[in-house]
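Read the structure below first, then the notes.
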Amino acid sequence: MRTSIRGILAAATLSTGMLAAPAAFAQDTDVPGPVEVSANIGVVTDYRFRGVSLTEGDPAVQGGLDIAHESGFYIGTWASNIVGGDTFGEVEVDLYAGFATQITPLVSLDVGATYYAYPTGDGPADYYEPYAKLGAQLGPVEAGVGVYYAPDQESLGDEDNLYVSLDLGAGIPNTPLTVSAHAGYTDGVLAPDLLAGGTSDNGWDYSVGLGYSTPFGLDFGVSYIATDGLDVEDFTDDAIVGSVSYSVTF
């Protein structure tokens, strides 16, 4: 649910929710010094997390801070406005930490956990979610497979949730453009259909995106996002989401 130290898909996927942990693709651990600090801020026309709108179709301002050590360990935080009612409030803050490493020159591993906090809500709303991701460079295409598991906890109604994602991305030769595709499968209490008032505790979300990167850290993106199951306007319906973000590394 945040932008962290990302690969080529930062702009195109800013609001898709593939976004729910540090990048699904390989993170660059070859930093110029022992510690790399990066910050980002952005605006999206709709904050979609795994296909579900958390702002009722309205825009969101989002930003984060990441600290990565050359050993592969990293920590970070990210925040966004939401429309969460009394339980979740108006702000989401994610805290995360993990370890990213290159298994081979073309394959990376990223393991960690995210704590989702809702400081302005009445709760119980906060929950945590460990994750593991593999990234691979397949010629001009970057591919990532992620597994995210939130165990039983009070904020999830003493239920658990499993999310599995596949992400693909590639730069268009001789242009500053990138294309991306995402598919995610949820099995548990956070399934799109169940959140929308349906009865199915499993389901899919999908997105395709196009991003434009500038050489001075300003990125633009547009994504088409969809879910299966119950279609609720400004919640789980299909949407076209635009984004603009700025990132800087210290």
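The values are calculated or read from the model by the stated rules, or taken from the named source; none is laboratory data. Computed from a prediction, not measured in an experiment: that's the story for all the values here. As a convention, Cβ positions derive from the backbone with ideal geometry for all residues, glycine included, and neighbour counts pool all protein chains shown. These accessible areas exclude ligands, DNA and RNA; they are computed on the full protein's heavy atoms, side chains included. Shrake-Rupley method; radii C 1.70, N 1.55, O 1.52, S 1.80 Å.
Laid out as a table, the results:
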| item | result |
| --- | --- |
| Hey, Y185 open to solvent by less than 60 Å² (accessible area, probe 1.4 Å), touching a strand residue (DSSP E or B) at 6+ places or on another chain (Cβ under 8 Å), within 24 Å of Y96 (Cα to Cα) and among the aromatic types (F, W, Y) or not | no |
| Residue match in segment 189-210 (condition: under 15 Å from the mean Cα position of the chain (by Cα), of a type outside the set (S, T, Y), farther than 23 Å from V232 by Cα and open to solvent by 40 Å² or more (accessible area, probe 1.4 Å)) | no |
| Cross-chain or 6+ apart pairs with Cβ under 8 Å, segment 47-59 first and within 12 Å of V232 (Cα to Cα) and without any contact (Cβ under 8 Å) to a residue 24 or more places away in the chain, then among the charged types (D, E, K, R) and surrounded by fewer than 24 Cβ atoms within 10 Å (Cβ to Cβ) | none |
| Identity of the residue in segment 236-250, hydrophobic (A, V, I, L, M, F, W, C) and modelled with pLDDT of 95 or more, that ends up most open to solvent (accessible area, probe 1.4 Å) | I240 |
| Lone unmet requirement of (1) more than 27 Å from G42 (Cα to Cα); (2) without any contact (Cβ under 8 Å) to a residue 24 or more places away in the chain for Y224 | (1) |
| Index of the failed condition, A100 passing every other in (1) outside any strand (DSSP E or B); (2) surrounded by 15 or more Cβ atoms within 10 Å (Cβ to Cβ) | (1) |
| Among the residues listed as V248, V241, V232, the single one being outside any strand (DSSP E or B), at negative phi and out of contact with any His (no Cβ under 8 Å at 6 or more places or on another chain) | V232 |
| Subset of segment 76-89 [surrounded by 15 or more Cβ atoms within 10 Å (Cβ to Cβ) and either among the acidic types (D, E) or not in a loop (DSSP other than H, G, I, E, B) (or both)] | G76, T77, W78, A79, S80, N81, F88 |
